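Notes follow once the structure below has been shown.
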Amino acid sequence: MVELDPSRMPRHVAVIMDGNGRWAQQRGISRLHGHRVGKDSVRAVVETSRRLGIPYLSLYAFSSENWGRPPREVDGLMSLLHRYLETELGKMMRHQIRLLAVGSLRRLPPAVRDALRSTIEATRHNTGMTVILAVSYGGREEIARAARAIARRVDRGELRPEQITSAVVAQHLGTAGIPDPDLLIRTSGEMRISNFFLWQIAYTEIYVTDTLWPDFREREFLQALAFYQQRQRRFGKTPAQVERDQQRLRAVN
Ligand code: IPE
Ligand code: IPE
Ligand code: MG
């Protein structure tokens, strides 16, 4: 059994859900079937996060680069996403889950985009937890879009270049108002970021597991959280400084 400290839960967990294709290939079945089983892992991680009281969960579901996959796979992934939104709405309402999305939603097929927009609208007042779907998402595109929005504000005279701080950049990203991830999980062993949350993960703890996404369920998720709780987050300080700060914090609590 994995022991977790409820007082040291991450506020925001982000997941690169990778390995559906390899999972299917190992079984001699179609990649799409792997994606379908991966949907059950999404459910498991959402439910566990909700139960543990993790306020924000981000799921990298489809990257800007994934548009370059064979059309059949892209279509299959789009209809899976569409169906997921339709079938999960009831549960999102029951469990008070608010859905948000980041990415170039304009590139999505209209039916999927509409389903996403209406789920976001229907769940907007839910207060139990926030799930952020990264679809048609690329970190570089997001930063470039923020740069364009900021440039327009400078152009209009609303902002001076000296006023462009990190906080201002963060306010122009798709994740504006959402705390940076504390923990980033990537399944299937790849030690790379694949254009996910480039700006947001500056100080995120990274956990990579060889488990393929369709096999990543509650037990694996709890292991990732236990790993997170063992990390000492220093944010550039020395271990002694961090320990002193923690003692002070304990003293005031
Ligand atoms: C992750 O699984 C799902 C998406 C990227 C949409 P993959 O489809 O990348 O699976 P592998 O990496 O080929 O095994
Ligand atoms: C990253 O997985 C994107 C998602 C999980 C949605 P990929 O399978 O697309 O990443 P690469 O190509 O291996 O870097
Ligand atoms: Mg992959």
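The values are calculated or read from the model by the stated rules, or taken from the named source; none is laboratory data. If you're wondering where the values come from, they're calculated on a predicted model, not measured in any experiment. Note that we place each Cβ from the backbone using ideal geometry, even for glycine, and neighbour counts take in every protein chain shown. All accessible areas refer to the heavy atoms of the entire protein, side chains included, with ligands and DNA or RNA removed. Shrake-Rupley method; radii C 1.70, N 1.55, O 1.52, S 1.80 Å.
PRE reach from GLU86 (point 7 Å along Cα→Cβ): which of segment 32-58 fall under 18 Å by backbone N?
Counting backbone N atoms under 18 Å from the label point, the list is 36-37, 39-40.
With each pseudo-label sitting 7 Å past Cα toward Cβ, what's the ALA144-ILE120 distance in nm, one decimal?
2.0 nm
How high is the relative contact order of segment 7-252, in percent, counting Cα pairs under 8 Å that sit 6 or more residues apart?
Once divided by the residue count of segment 7-252, the mean separation gives 27 percent.
If you filter segment 1-65 for GluC sites (Glu not before Pro), then keep DSSP loop positions with at most 10 other Cβ within 10 Å, what is left?
GLU3
Please list, ordered by chain and number, the residues whose modelled amide H lies under 5 Å from the amide H of VAL15; skip anything fewer than 5 residues away on the same chain.
The list, which skips near neighbours in sequence, is SER58, LEU59, TYR60, ILE185.
Compute the separation of the alpha-carbon centres of segment 87-134 and segment 28-48 and state it in Å as a whole number.
18 Å
Over the heavy atoms of TYR203, what accessible area does a 1.4 Å probe trace out, to the nearest 10 Å²?
Its accessible surface works out to 120 Å², give or take rounding.
Taking 0.36 nm per intervening residue step and subtracting the Cα-Cα distance, what contour gain separates ARG219 from LEU52 on full extension?
Going from the current span to full extension adds 58.8 nm.
Under unit Cβ charges (Lys, Arg +1; Asp, Glu -1), what dipole magnitude, rounded to 20 debye, does segment 50-198 have relative to its Cα centre?
Using only the charged Cβ atoms, the result is roughly 220 debye.
Percent of Cα-Cα pairs per 10 Å bin, from 0 to the last occupied bin, for segment 7-252, please list those.
Reading the bins upward from 0: 7, 28, 35, 21, 8, 1.
Using +1 on the beta carbon of Lys and Arg, -1 on that of Asp and Glu, and nothing else charged, what's the dipole of segment 133-188 about the Cα centre, debye to 20?
I would put it at about 220 debye.
Using only alpha carbon pairs under 8 Å that are at least six residues apart, calculate the relative contact order of segment 130-249 and give it in whole percent.
22 percent
Using R₀ = 25 Å, calculate the FRET efficiency as 1/(1 + (r/R₀)^6) where r is the Cβ-Cβ separation of ARG244 and ARG8; round to 0.05.
FRET efficiency, ARG244 to ARG8: 0.90.
With a 10 Å radius around each residue's Cβ, average the other Cβ atoms per peptide and rank 87-94, 160-167, highest first.
Top of the packing list down: 87-94, 160-167.
How much accessible area per residue does the chain have, in Å², with a 1.4 Å probe?
54 Å²
Summing Lys, Arg as +1 and Asp, Glu as -1, what charge do residues with Cβ under 14 Å from the Cβ of ARG69 carry, ARG69 excluded?
-1
With +1 on the Cβ of every Lys and Arg and -1 on the Cβ of every Asp and Glu, and nothing else charged, how large is the dipole of the chain about its Cα centre, in debye rounded to the nearest 20?
320 debye
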